[in-house]
Structures are given as structure tokens and as C-alpha cells.
Amino acid sequence: MAQSNSAHVLITTWESNIFARPPSKRAVCFSLINALQQLGNIAGSYVWPANWGPTYRYSYTIVIAGYVAAIAMTWILRQHLKTLNKKLEKEEQEQGIKEKGFRYVL
């Protein structure tokens, strides 16, 4: 559970590099993502009720399910960005552009 803080920093950095085009869009997307990430702090108060202790089996199950969902969504996003990169490369080849243009960070 303690590793989630370091993972949060890495995911936030990756997200900020994904939205590179217009700065206004990047700012809005980044603020919405950050707001949604903080919902876990609100839900965390209700996931650890005292009557589930001392093992907190249900609490850990909820947390692990959240981690699995986050990993799955990150993998889906990565696959989508990989597809977009291939599409951008194909468009550049069709237009005869030799230099690599914008690519999403994988």
C-alpha cells in the first residue's frame, strides 16, 4: 500500500506528457484527472470501518480491486496511445514527411 504514493507521482508525470497539444486543453485535462485521483482519499475513510477489523479483509479486497482496475485502465490507455502513434506515423509516411512529428509518450 505504501508504494501507491510513488506510483501516483509516476502516473501524474506520464499524464502530463500525454496531453501536449494546446496548453489550455492540457490544463483542463490535468486538473480533471487530478480531481478524480483525489476521490480515493474521500472513499478511503469509508473503506476501513472499525467493525471490519482487526483483519480488514474486505478493506484490502476493495483496495486490491482498485489497483487491478487502475492497472487495467493504464494498460488500455497505453494500447490506445500506441495505436494513435502508429496512425500518426502512417499519416506522415503518406504525406511524405521524413521527420518524425509528435508522438505520445509510452
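The values are calculated or read from the model by the stated rules, or taken from the named source; none is laboratory data. Treat the numbers as computed from the prediction; the structure is a model and nothing was measured. Reconstructed Cβ throughout: ideal geometry from the backbone, glycine too, with neighbour counts over all protein chains shown. With ligands, DNA and RNA removed, areas are computed over all heavy atoms of the protein, side chains included. Shrake-Rupley method; radii C 1.70, N 1.55, O 1.52, S 1.80 Å.
Structure notes:
- The accessible surface of the chain, taken with every protein chain in place and a 1.4 Å probe, is 65 percent carbon and sulfur.
- Under the span-like rule (Cα at least 15 Å along the axis, Kyte-Doolittle mean at least -0.5), DSSP H helices of the chain: 4-18, 23-37, 57-95
- Electrostatic dipole magnitude of the chain [Cβ: Lys, Arg +1; Asp, Glu -1; Cα centre; debye, to 20]: 140 debye
- Candidate lysines for bridging to residue 90, where Cα separation is under 18 Å - those fewer than 8 sequence places away on the same chain excluded: 82, 98, 100
- Taking the charge dipole of the chain about its Cα centre, with +1 at Lys and Arg Cβ atoms and -1 at Asp and Glu Cβ atoms, the residue from 56, 93, 105 reaching farthest to the positive side is 93.
- Using the 1.4 Å probe convention, the accessible area of the chain works out to 79 Å² per residue with neighbouring protein chains retained.
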